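Report on the structure given below.
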Amino acid sequence: MLKDEAVQSLVEGVYTEERTKLEAIFASCPDAITVIKLNGSIIGCNQATLDMLGYSSEDELIGKKFSPLVHPDDREMTAKEIEKLNIPPYPCH
């Protein structure tokens with residue numbers, strides 16, 4: 001039992017450390033990063049996204065559909081790529 005607790009504690013520590021690193025990269029990246037659900041709703045973005053789109057707060061984008069933010073010339077291709085995410089084997093993008 002004690003060994004299981006030690007392993008769980010170690011895993012949680014590694015997870016927390018890695019998550020902190022990824023959050024720092026996400027926040028400091030000069031490229032726009034937007035995280036969406038498969039239904040197309042925005043669940044997160046970094047400051048570069050806000051700056052590029054002219055928003056002052058992530059709250060202004062959370063819950064909105066991202067497709068209107070995609071350039072009209074790219075919407076069809078983007079929609080096809082999102083459809084692929086629902087087909088096994090599930091690719092990572």
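The values are calculated or read from the model by the stated rules, or taken from the named source; none is laboratory data. Worth saying up front: this structure is predicted, and the values here are computed from it rather than measured. Neighbour counts are summed over all protein chains in view; Cβ atoms, including those assigned to glycine, are modelled from backbone coordinates with ideal geometry. Surface areas here come from the heavy atoms of the whole protein model, side chains and all, with no ligands, DNA or RNA. Shrake-Rupley method; radii C 1.70, N 1.55, O 1.52, S 1.80 Å.
Axis of helix 2-28 versus longest Cα principal axis of the chain: the two differ by about 30°, to the nearest ten degrees.
Here the chain exposes an accessible surface that is 60 percent carbon and sulfur, computed with a 1.4 Å probe and the other protein chains kept in place. Summarising the amide proton neighbourhood of residue 34: residues at separation of 5 or more, or on other chains, whose placed amide H is nearer than 5 Å comprise an empty set. Taking the solvent-accessible surface of protein heavy atoms with a 1.4 Å probe, what is the per residue accessible area of the chain in Å²? That works out to 79 Å² for each residue. A Förster radius of 41 Å combined with the Cβ-Cβ distance from residue 80 to residue 4 puts the calculated FRET efficiency at roughly 0.35.
Evaluate the chain: find the radius of gyration of its Cα atoms, find its Kirkwood radius, and give the ratio Rg to Rh. Using Cα coordinates only, the ratio equals 1.11.
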